[in-house]
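The values are calculated or read from the model by the stated rules, or taken from the named source; none is laboratory data. These numbers come from a predicted model, not from an experiment. Cβ placement follows ideal geometry from the backbone for every residue including glycine, while neighbour counts extend to all protein chains displayed. The accessibility values were calculated without ligands, DNA or RNA, using every heavy atom of the protein model including side chains. Shrake-Rupley method; radii C 1.70, N 1.55, O 1.52, S 1.80 Å.
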Amino acid sequence: PPPPPPALPPVPPQWPPGSPGTLCVNYTLANTNTTEVYCVVPPEFRPTTNGVAITFVESNDILPLALLLLPMATLGLFCVRKVSFHKAADAGTTADFPEPSPAAPKMLKTAEAPPAPVTTLTEEAAEPQPTIFTVPAECLPVAEIPKSEHFGAQEQANLVNHMNRLLQHEAAVLALPIEPWSDAVLTAISEGQLLGRMLATIDPDALDVRALNTAAPGGILTPEAKLQNQTLLVNAAASVGAAVPAIHQTQLLYAPDNKQVALNQAWNLVQHGLLAKINVLAHPELKPLLEGGKQSQVTAEALLARFLNKQVEEYLSQHPQDRRRLPPNLKIDDKLEGDLTV
């Protein structure tokens with residue numbers, strides 16, 4: 001270990017004015033000009049290479065002000081450039097000190113020195129600018145929803161109510177329920193966890209919830225963590241055919257600015273959850289509806305539409321009197337489009 005620093009001489013309570021020896025200190029305060037101070041101190045106080053004890057004594061009121069400068073390299077606000085000690089009998093000694101580092105305690109000054117302007121070193125840090133993510137040129141154009149497929153207020157409320165029921169086990173994490181008649185769902189989507197946890201609930205094989213970034217209790221995710229969650233969601237949804245075509249993860253990150261894209265992505269996940277189990281493997285009784293095709297060639301919507309049409313035809317064959325109550329040539333198409341309430 002390095003040897004301990006030499007002990008400094010004790011500071012007497014006072015020295016009479018005119019004690020032999022004069023200490024000349026050239027010092028610099030931050031953002032000010034160099035000022036020279038002359039003080040009367042005992043002659044044994046000499047500068048050293050590691051530091052110097054400077055005792056300022058006013059000749060009028062004999063008020064000692066002890067300043068301990070150890071080491072000089074750590075000085076920042078009070079910058080000692082040169083310390084010269086002159087005795088009455090000899091030429092004296094001069095010590096040059098290194099450049100100061102930025103951090104240093106505020107040092108005292110003598111009454112002889114003119115008051116320097118106070119400089120505030122710690123200013124309020126400017127608020128950090130929010131991180132803005134843009135869509136790379138190679139990903140353009142991004143998803144756009146035709147006006148004919150826009151969600152109305154009632155449809156949006158129905159969708160949000162279904163999401164609240166589906167994710168009630170995640171109520172503590174996602175701050176559910178979400179108000180169905182407002183755009184609060186868009187803010188929830190932009191936070192980066194709602195749709196990811198929804199897909200993990202609907203289809204655990206598509207997305208493992210443990211892969212999602214989560215915030216500490218009472219905290220929020222960083223923009224980068226939110227974007228990672230949205231990217232994971234988009235890729236997982238695309239792997240099961242539930243992604244909005246040409247959607248980019250930033251459209252979900254900024255869901256309030258991409259309302260219809262975000263709502264359609266949420267609906268695609270709900271639709272995937274409702275139709276994923278409609279297949280001949282889970283329901284062998286649907287195999288006759290393939291009509292010579294393969295399972296991979298018939299969508300779940302087509303199977304459901306064919307099942308509904310078959311049930312309607314069987315009912316009408318047994319109750320022909322009810323046919324007049326239905327529109328002529330009633331048939332549900334394979335995309336489940338049309339009025340299913342007739």
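Side notes on the structure shown:
- Ile278 fulfils the conditions (1) out of contact with any His (no Cβ under 9 Å at 6 or more places or on another chain); (2) assigned to a loop (DSSP other than H, G, I, E, B); (3) within 22 Å of Asn213 (Cβ to Cβ) except for a single criterion, (3).
- Residue list for the range 170-217, restricted to those being small (Gly, Ala, Ser), open to solvent by less than 30 Å² (accessible area, probe 1.4 Å) and within 23 Å of Gln260 (Cβ to Cβ): Ala188, Ser190, Gly192, Gly196
- When restricted to residues that are of a type in the set (Gly, Ala, Ser), closer than 21 Å to Ala175 by Cβ and part of a loop (DSSP other than H, G, I, E, B), the range 242-259 contains 0.
- In the range 117-146, the residues that are modelled with pLDDT of 60 or more, assigned to a loop (DSSP other than H, G, I, E, B) and surrounded by 10 or more Cβ atoms within 10 Å (Cβ to Cβ): Thr131, Phe133, Val135, Val142, Ala143, Glu144, Ile145
- When Lys277, Lys331, Lys259, Lys294 are screened for being at pLDDT 90 or above and among the basic types (Lys, Arg), only Lys259 passes.
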